[in-house]
1. Would you work out which of B:W213, B:N130, B:Y145 lies farthest towards the positive end of the dipole of the range B:92-219? Charges go on Cβ: Lys and Arg +1, Asp and Glu -1.
2. How would B:C131, A:C248 line up by accessible area, probe 1.4 Å, largest first?
3. I need the shape label for chain B. Rule: rounded when a/c is under 1.5, else prolate if a/b > b/c, else oblate, with a, b, c from the alpha carbon gyration tensor.
4. Nearest 5 percent is fine: what portion of the DSSP beta bridges confined to chain B is antiparallel?
5. Between the range B:328-351 and the range A:9-41, what is the C-alpha centre distance in whole Å?
6. If each label sits 7 angstrom from Cα along the C-beta direction, how far apart, in nm, is B:R45 from its counterparts in the other copies?
7. Of chain B, which part is the longest with no trypsin sites (Lys or Arg not before Pro) in a loop (DSSP not H, G, I, E, B) and with at most 12 other C-beta atoms within 10 angstrom?
8. If you restrict to DSSP beta bridges whose two residues both lie in the protein assembly as shown, what percentage is antiparallel, to the nearest 5?
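The values are calculated or read from the model by the stated rules, or taken from the named source; none is laboratory data. Predicted model, so just to flag it, every value in this text is computed and none were measured. Don't worry about glycine lacking a Cβ; one is built from the backbone with ideal geometry, like all the others, and counts go over all protein chains shown. We work out accessible area using only protein heavy atoms, side chains counted, and drop any ligands, DNA or RNA first. Shrake-Rupley method; radii C 1.70, N 1.55, O 1.52, S 1.80 Å.
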Number of protein chains: 2
Amino acid sequence: MTTLPSLAVVGATGAVGTVLCDLLSSRRNVWGDVRLVASRRSAGRRCVVRGEELTVQELSPGVFDGVDVAMFDVPDEVAADWAPIAVKHGAVAVDNSTAFRLDRDVPLVVPEINPEQVRNRPRGIIASANCTTVAMIVAIAPLHYEYGLRELVLASYQSVSGTGKAGVDTLLDQLGRVTGDRDLGSRSGNVRRAVGDDLGPFPAPMALNVVPWAGGLRDAGWSSEELKLRNETRKILGLPDLKVSATCVRVPVITGHSVAVHAVFGTEVDAEGAREVLRGAPGVILVDDPANAEFPMPIDAVGTDPSWVGRIRRSLDDPRALDFFVTGDNLRKGAALNTAQIAELLAEELS
Amino acid sequence: MTTLPSLAVVGATGAVGTVLCDLLSSRRNVWGDVRLVASRRSAGRRCVVRGEELTVQELSPGVFDGVDVAMFDVPDEVAADWAPIAVKHGAVAVDNSTAFRLDRDVPLVVPEINPEQVRNRPRGIIASANCTTVAMIVAIAPLHYEYGLRELVLASYQSVSGTGKAGVDTLLDQLGRVTGDRDLGSRSGNVRRAVGDDLGPFPAPMALNVVPWAGGLRDAGWSSEELKLRNETRKILGLPDLKVSATCVRVPVITGHSVAVHAVFGTEVDAEGAREVLRGAPGVILVDDPANAEFPMPIDAVGTDPSWVGRIRRSLDDPRALDFFVTGDNLRKGAALNTAQIAELLAEELS
């Protein structure tokens, strides 16, 4: 008989945690005991995982006793406090927050790209990358190995579920208030008046709008989300000097982050060669037939595992540059799935 | 007494034509007789212009008799056939379609940038630029004069009214079908099923989605809209070798086209210097205070004349590169207003 490692899911009732529980039920089972953990507010709730109804326990040091792997899908400050506590109780922590991603002693892992990094964890913590970075980088990495990446210019189209359930509720409420009134779209301020003061987690109305802002304000006018794309891409690819300019924009989509990518390489590229590379790449699905309306879109990528890549074109001015469009489910590969994949690498190691 | 030139508005009942009629009523009156012209389907309709109710006449050679300036807001093929007929009847044609924009003998004019070109019209035709190009170029041009533009990497966020009234109806109908059902955003294909087969002028559902496609398919996977941005920017700025890579994406916004711009210049730039340049630039309004949620957005720019510019940042890797975000009303400055401004330059010349 084999003993399977035990797992704790911290933040099991959140937007990402909920998807994680679905994934635990649908993926090959590598886990023994599974515990669901959440804040006091959600403790006591019951969730079905692997066909078994579990009661959500309140986060406390004791919940980590006998746990081999603890997955954290909680706010940065909660992860910063509690991941080290889980480690002290003997667990390996897999954290989906920003808290440890740029820590030199914490590997930042996307299993399709740098799985070997999982074993290099001096603090006992492994970080899972930002949702927008993950969607894009599984497509960028194989092209980098083939052509040698030099520079990225990125523009994102990020869904509201990137801000959790509150973001989804806010968009749906706002759409309910504006739908049907065509005049709303014809005069400055009309949508603002119809939406009212409840902006939820956003700095502006999301219905019938795009908002060129995500995250917090950093130096020189950059948003934290834009700097994450730059710093995490550099760390995951091991390219500390990679040039990256990103503009992050929130769009009225429920789930599915997209990125328009302009990638400059060290050698000449061609679109068909890039398609060939991506056809064989793990975690990527190629959808690139505009004549038949086939291109990556959130409504198709949502609920699926891979990054959808298409609109691949070689720059008309630079034979070393490619333009393309990527869409991924920000709650699955962008968060829960990537975390689960990392945990499964640990399960293999610990079994 | 002064005699004022006469004007014909061809396509007066379309999405752009309707805005044009509003503008004729709200702007300084430089016109004598005004005639509204449309296809047989719309002929006979009555519209109020300058406080006066006019009957829309059916398009025919006769409607151009005695007309000094004829503005065309019609499909490419209609403009291609009828602008020369208007010229033969003695009018100067101002065309908002794609038909003549790249014709060497037709100036492509954005009045804030190259008004003098209006007098250089060997064919008697003047072209007004593409809506996305106009929104962006009034901000790009003054920065070019200051720093010397070398390269543009663009990603657009284009509203549905760019495809006319049918696009707006389609989005509003689709939103009516999907609103309120949060599950729609959680599984691949759910939105497609809810929206049904009526995609209107779009290749995919617009509700709760972004569609990385606008226009027709051209060589090597580029869309006509992406090539317009490249070719028209080069022609208007007089930079035939300017490097331009664009990805055009349609978003569920009624009116207001936005563009994420990465601009590389010949000399070093700084964000505050760029803001100073844009504060004084014609047709531009600077909204660049993220700490107070001030950035360019369609819900604010719609119904206004200028291009809204913000999120100005200097590249962290290249002191010659700026990233910023621009939003403009695609029916006003992006179409009707730019056409009206060109016509007003002619009115001045002809008076």
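1. B:W213
2. Per-residue accessible area, sorted high to low, gives B:C131, A:C248.
3. oblate
4. The answer is about 50 percent antiparallel.
5. Each part reduced to its Cα centre gives a spacing of 59 Å.
6. The projected label point of B:R45 is separated from its counterparts by 5.1 nm.
7. Formally, the longest exposed-site-free interval is B:105-351.
8. 50
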